[in-house]
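Presented below is the structure to which this report refers.
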Amino acid sequence: MKQHRVSIRLESDRDDGLFLASFVQHEMDMLSLLRVMPVSLEVNHGIFSTGVSMHNHIRVSVNQTGGLIEFSCNCDEVPDKLCEHQLLILTAIARREDLAVFFQPRKRHEKIRKTAVDYGLERVGNPDEYFMVTFQDRAVSVIPRMPGLLRVSGGSLEKMQQELFPEMNNGKQGRPEENQPKKRIVVFRRHKYYHYLQVGIYEALLTRQGTIKNPVTELDPHELAWQTENREYLQFYMAVSRFRNHKEGGLDESDIQALKAITENRPGCDFFVHQESVSEQVNATSVLPVQLGKFNGEAILLIAQKDSFMELSVKVRLDNQ
């Protein structure tokens with residue numbers, strides 16, 4: 001079968017592997033990006049279908065070696081430049097974290113270390129030596145390379161104790177967490193170092209009074225987007241995904257539209273603000289509930305000349321104050 005091949009040389013001094021987020025500048029329909037499905041996927045290599053159905057005959061192969069990435073497509077477009085299918089796959093890998101982890105070591109290691117904590121291996125130099133990422137059931141999973149590797153977290157050790165020494169339980173059984181009431185919440189937080197705005201969706205258990213309690217678990221908005229057929233919910237989840245790991249100071253028009261989709265809050269989530277002074281981690285004690293509403297105040301722009309410079313300042317009047 002004829003193959004349309006294009007190779008791209010990337011910057012070799014970047015430690016991001018395939019630094020697609022800065023490479024891809026094209027705007028594409030998010031639904032088209034979500035329809036991209038891996039036929040096979042492993043670190044630095046993947047074969048992708050461009051449509052929802054695996055019977056779609058278009059296949060794009062991606063291979064990354066060092067600073068060189070090669071795209072192959074079985075379409076009939078003109079060679080020596082990216083075809084529309086290759087550009088779609090390139091953009092999907094750039095914008096979807098579930099695909100980017102297979103081509104960007106930094107993002108992959110960040111995801112692996114979250115799982116490695118349960119094994120006491122979150123500080124190892126190269127987490128790829130101990131764990132691998134897989135793509136199954138439309139989601140990324142992190143699994144140990146050693147089948148006999150045991151979790152050492154408190155919950156895992158307690159479960160192991162219950163299985164090995166059931167007589168020590170004295171017939172006591174706690175209430176399963178899955179049967180307790182839960183609520184999805186949206187948390188506005190700041191980047192740990194640069195204080196850029198970030199947004200995340202979390203799931204928390206509820207007390208009898210209806211307030212949240214630990215554990216508070218972050219959810220992947222990409223997975224939530226896959227699970228919904230509501231277009232407004234999809235826009236909400238993709239907007240949250242845009243700000244989940246936001247690392248830029250300025251906001252462009254797409255960012256503004258994403259924030260509007262978040263504030264419209266079609267799924268009806270409660271909003272919270274993270275207080276990093278209480279804890280760096282998002283938990284029940286480090287977040288405060290907030291109410292979002294339209295700005296009904298007045299913004300006044302003041303311009304004054306100081307020496308050879310023009311000084312701009314803004315005053316905001318809210319509730320006549």
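Each reported figure results from applying straightforward, stated rules to the coordinates on display, with no laboratory input. Just so we're clear, the structure is a prediction, and the values are computed from it rather than from any experiment. Cβ sites come from the backbone with ideal geometry, for glycine too, and all protein chains shown count toward neighbours.
Each of Lys182 and Lys213 was given a label point 7 Å from its Cα along the Cα-to-Cβ line. The distance between the two points is 1.6 nm.
Using Cα centres only, tell me the gap between the range 189-262 and the range 61-96 in whole Å. With the range 189-262 and the range 61-96 each reduced to a Cα centre, they are spaced 29 Å.
When peptides 143-150, 40-47 are sorted by average Cβ neighbour count within 10 Å, with the highest value leading, the order is 40-47, 143-150. Across the range 45-51, computed HN-Hα scalar couplings (Karplus, 6.51 cos²θ - 1.76 cosθ + 1.60, θ = phi - 60°) run 8, x, 10, 10, 9, 8, x Hz from first to last residue, x flagging Gly and Pro. Computed from backbone phi with θ = phi - 60° and the Karplus coefficients 6.51, -1.76 and 1.60, the 3J(HN,Hα) list for the range 209-220 is 7, x, 8, 7, 9, 6, x, 10, 10, 6, 9, 8 Hz; x is used for glycine and proline.
A crude spin-label estimate for the pair Lys192 and Leu318, with each label 7 Å from Cα along the Cβ direction, gives 2.9 nm. What FRET efficiency would be calculated for the residue pair Lys247, Asn74, taking the C-beta separation as r and a Förster radius of 45 Å, to the nearest 0.05? The value I calculate is 0.80. Each of Ile300 and Val117 was given a label point 7 Å from its Cα along the Cα-to-Cβ line. The distance between the two points is 4.7 nm.
Cross-linked pairs Lys247/Lys315; Lys107/Lys294; Lys111/Lys192; Lys114/Lys213: Cα-Cα separations exceed 24 Å for Lys247/Lys315; Lys107/Lys294.
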